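What follows is a single structure, written as structure tokens, with notes after it.
The values are calculated or read from the model by the stated rules, or taken from the named source; none is laboratory data. Bear in mind the structure is a predicted one, so any value in this text is a computation, not a measurement. Reconstructed Cβ throughout: ideal geometry from the backbone, glycine too, with neighbour counts over all protein chains shown.
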Amino acid sequence: MRPAVVLFGALTLICGVLYPLAVTGVGAVAFPAQAGGSIIEAGGKPVGSELIGQAFTSPKYFWGRPSATSPMPNNGAGSGGANLGPNNPAQIDAVKARIAALRAADPGNQLPIPVDLVTASGSGLDPEISLAAAQYQARRVAAARQLDPARVAELIAAHRQNQYLGFFGEARVNVLALNLALDAEAGQKR
């Protein structure tokens, strides 16, 4: 019995205390911004993380990917997808409602709606949207802010993030960073 208790105590100390402290220390030294939550600041105040999406609903902002977290959208404590299949009636109804909301927000937009604007992600916390999703919304945002659509397109291009390692995933835009750039643009116009 004694060897089992000693081994249990030693492994608890190594795996439960020493290893987490070492990994946290290395992370804080080697990657301080990431270890601190990748916080984005505006005006000297933290406004969010570049790793967690936020719910924007105003027409003057780009909208992120829908969140399936509960009890509220983009809830880091409730991360996880809805696990609804593409033929599930609840999923079909949710997608139809999102399509209707996008069409109502920009009735003249006849472009195909990108899938990432109507389906929730696996984590429910995606901070980024595809370039197609940003371009789909550009006209609405430009009109709501009374900006030249070409300027909004420039901001999208300036905030483009390429594929991971050049071939994983697709090019994307961080929604919070893009919306903060739009706010800064509005501040310069005043």
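Hey, among Arg151, Arg140, which residue is in contact (Cβ under 8 Å) with a residue 12 or more places away in the chain and within 21 Å of the chain's Cα centre (by Cα)? Can you show your working first?
Values: Arg151 fails: within 21 Å of the chain's Cα centre (by Cα).
None of the other options fit; the residue is Arg140.
Table: residues versus (1) in the same structural domain as Arg65 (by TED's automatic domain parsing); (2) under 25 Å from Pro86 (Cα atoms); (3) of a type in the set (Gly, Ala, Ser); (4) part of a helix (DSSP H, G or I).
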site	(1), (2), (3), (4)
Ala104	yes, yes, yes, yes
Pro107	yes, no, no, no
Gln110	yes, yes, no, no
Ala132	yes, yes, yes, yes
Ala157	yes, no, yes, yes
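State which residue is surrounded by the most Cβ atoms within 10 Å (Cβ to Cβ) when the search covers only the stretch 93-132 and only residues that are over 11 Å from the mean Cα position of the chain (by Cα) and of a type in the set (S, T, N, Q).
Looking at the filtered set, the residue picked out is Thr119.
Tell me which residues, restricted to the stretch 124-155, are farther than 16 Å from Arg65 by Cβ, out of contact with any Lys or Arg (no Cβ under 8 Å at 6 or more places or on another chain) and not hydrophobic (A, V, I, L, M, F, W, C).
Arg139, Arg140, Gln146, Asp148, Arg151, Glu154
Within the stretch 133-152, is there a residue that is hydroxyl-bearing (Ser, Thr, Tyr) and surrounded by 13 or more Cβ atoms within 10 Å (Cβ to Cβ)? Give the derivation first.
If we filter the stretch 133-152 for residues that are hydroxyl-bearing (Ser, Thr, Tyr), which is where we start, we get 136.
Remaining after also requiring surrounded by 13 or more Cβ atoms within 10 Å (Cβ to Cβ): 136.
Yes, some residue in the stretch 133-152 is hydroxyl-bearing (Ser, Thr, Tyr) and surrounded by 13 or more Cβ atoms within 10 Å (Cβ to Cβ).
Go over the candidates Thr24, Thr69 one by one and state the one that is at pLDDT below 85 and among the β-branched types (Val, Ile, Thr).
Details: Thr24 fails: at pLDDT below 85.
Of the residues listed, the single one that is at pLDDT below 85 and among the β-branched types (Val, Ile, Thr) is Thr69.
Does Gly53 fit the bill of being in contact (Cβ under 8 Å) with a residue 24 or more places away in the chain, surrounded by 14 or more Cβ atoms within 10 Å (Cβ to Cβ), outside any helix (DSSP H, G or I) and touching a Leu at 6+ places or on another chain (Cβ under 8 Å)? I'd like the intermediate steps shown before the answer.
Details: in contact (Cβ under 8 Å) with a residue 24 or more places away in the chain: yes; surrounded by 14 or more Cβ atoms within 10 Å (Cβ to Cβ): yes; outside any helix (DSSP H, G or I): yes; touching a Leu at 6+ places or on another chain (Cβ under 8 Å): yes.
In short, yes.
Which one of Val23, Val47, Val29 is surrounded by 12 or more Cβ atoms within 10 Å (Cβ to Cβ), β-branched (Val, Ile, Thr) and not in a loop (DSSP other than H, G, I, E, B)? Let's see the steps before the verdict.
Working: Val23 fails: surrounded by 12 or more Cβ atoms within 10 Å (Cβ to Cβ); Val29 fails: surrounded by 12 or more Cβ atoms within 10 Å (Cβ to Cβ).
Criteria check complete, one pass: Val47.
Can you tell me which of Ile14, Ile39 is surrounded by 10 or more Cβ atoms within 10 Å (Cβ to Cβ), closer than 29 Å to Pro127 by Cβ and either among the aliphatic types (A, V, I, L, M) or modelled with pLDDT under 95 (or both)?
Working: Ile14 fails: closer than 29 Å to Pro127 by Cβ.
Step by step, each of Ile14, Ile39 is checked, and only Ile39 is surrounded by 10 or more Cβ atoms within 10 Å (Cβ to Cβ), closer than 29 Å to Pro127 by Cβ and either among the aliphatic types (A, V, I, L, M) or modelled with pLDDT under 95 (or both).
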